[in-house]
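Some notes on the structure that comes next.
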Amino acid sequence: MAVDYHLEGHVAVITGSTSGIGQALATALAEQGVSVVLNGFGDPAKIEADRAAIQAKAAANARVLYHDADMTKPAEIADLIGFAHKELGRLDILVNNAGIQHVAPVDEFPDEKWDALIAVILSSTFHATKHAVPIMKAQGRGRIVNIASAHGLVASAFKSPYCAAKFGVVGFTKSCAVELARTGITVNAICPGYVKTPLIEMQIGDQAKARGISPERVVEDVILAAQPNKTFVEYQNLAGMLLYLVSDVGSAATGAALSVDGAWTAT
Ligand code: NAD
């Protein structure tokens, strides 16, 4: 049986898509003919160059746009969703991906960092979903995919707000899925283990120098200590899961927190 995702003509908003995972997922959708609205921070010239590069890879007349909403600001989030609907005429897919990290002991955690993590990761997922759902209900179909984390299912020390926010995203995902189960809208979370982003690649060299060990040992013993397959999650591992969830092939999957983590959360 040949699987065709049939996504040409669909419209997606992907929050936090000016780098890393969000940018890779935006590219994967555009290559399938999905028009995408990018979002996130960064140097305007680089954002425009990246947008144009994704546009060049887009299939079937898909358009690639950018909106600069700060995902900590509810009014700007409403504007982002409204912009996609107005400019592209519909909204089929919402990927809540924007995220930040800060690591510190709970009794020393700066108040403003707690507030920022909860706002960018958890509250933005609520606000974007709230504004996307009426459009998707009117269409009779929609796909919401929240990029959570293995840290939405199991904890690590010194990451209390990150874990609180990501566990919250998983709970929010399940509640929305139950509530919307008869509307044609599915809501799922993808829970990646460690993904090889540029930030992580830089850390490997730095840690190897600091610890006087090889880059391979840094990967196995330090960065991927919790990940039994000792292999980073690749962007395409997440893109494949996303295409499954947003296409008709994935219509029966809703309310799931899907691990892509090399058996981390199986331990
Ligand atoms: P990244 O830092 O490369 O990208 C984060 C994106 O979010 C950027 O586009 C940034 O501009 C945007 N962003 C941050 N604050 C924002 C705000 N206030 N408003 C709008 N945009 C904002 O990170 P990444 O590694 O690609 O992570 C993407 C998502 O995946 C995050 O939710 C992260 O928690 C999750 N995740 C990452 C990993 C990993 O190993 N990298 C593992 C599991 C989950």
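At a glance:
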| read-out | value |
| --- | --- |
| Per-region count, the stretch 127-142, residues in contact (Cβ under 8 Å) with a residue 12 or more places away in the chain, open to solvent by 10 Å² or more (accessible area, probe 1.4 Å) and either farther than 10 Å from Ile93 by Cα or outside any loop (DSSP other than H, G, I, E, B) (or both) | 7 |
| Residues that are polar (S, T, N, Q) and within 15 Å of the chain's Cα centre (by Cα), drawn from the stretch 245-260 | Ser259 |
| Leu153 being within 16 Å of the ligand (Cβ to nearest atom), open to solvent by 40 Å² or more (accessible area, probe 1.4 Å), hydrophobic (A, V, I, L, M, F, W, C) and outside the structural domain of Ser19 (by TED's automatic domain parsing) | no |
| Unmet requirement for Glu112, which otherwise passes all of (1) within 16 Å of the ligand (Cβ to nearest atom); (2) in contact (Cβ under 8 Å) with a residue 12 or more places away in the chain | (2) |
| One residue from Val218, Val170 being open to solvent by less than 40 Å² (accessible area, probe 1.4 Å), at pLDDT below 95 and on the phi < 0 side of the Ramachandran plot | Val218 |
| Listing of helices (runs of 4 or more DSSP H) fully contained in the stretch 156-253 that carry 2 or more residues being in the same structural domain as Val95 (by TED's automatic domain parsing), within 13 Å of the ligand (Cβ to nearest atom) and among the hydrophobic types (A, V, I, L, M, F, W, C) | 160-179, 235-246 |
| Strands (runs of 3 or more DSSP E) within the stretch 1-114 that include 2 or more residues closer than 23 Å to Ala165 by Cα | 11-14, 35-39, 93-96 |
| Residue list for the stretch 1-25, filter: open to solvent by 10 Å² or more (accessible area, probe 1.4 Å), in contact (Cβ under 8 Å) with a residue 12 or more places away in the chain and away from the ligand (no atom under 12 Å from the Cβ) | Val3, Tyr5, His6, Glu8, Gly9, His10 |
| Residue within the stretch 87-101 that is out of contact with any strand residue (DSSP E or B) (no Cβ under 8 Å at 6 or more places or on another chain) and more than 10 Å from the ligand (Cβ to nearest atom) present | no |
| Where a residue in the stretch 63-90 is basic (Lys, Arg) and its partner, wherever it lies, is away from the ligand (no atom under 15 Å from the Cβ), with Cβ under 6 Å and at least six apart | Arg63/Ser35; Arg90/Val11 |
| Some residue of the stretch 26-36 being touching a Pro at 6+ places or on another chain (Cβ under 8 Å), surrounded by 23 or more Cβ atoms within 10 Å (Cβ to Cβ) and under 24 Å from Glu234 (Cβ atoms) | no |
| In the stretch 55-97, the residues that are charged (D, E, K, R), within 17 Å of the chain's Cα centre (by Cα) and over 22 Å from Asp43 (Cβ atoms) | Asp92 |
| Set Val218, Val178, Val154: member being out of contact with any Leu (no Cβ under 7 Å at 6 or more places or on another chain) and free of Cβ contacts under 8 Å to residues at least 60 places away in the same chain | Val218 |
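The values are calculated or read from the model by the stated rules, or taken from the named source; none is laboratory data. Model, not experiment: these values are computed from the prediction. All Cβ positions, glycine included, derive from the backbone under ideal geometry; neighbour counts span all protein chains shown. Surface accessibility is based on the protein's heavy atoms, side chains included, excluding ligands, DNA and RNA. Shrake-Rupley method; radii C 1.70, N 1.55, O 1.52, S 1.80 Å.
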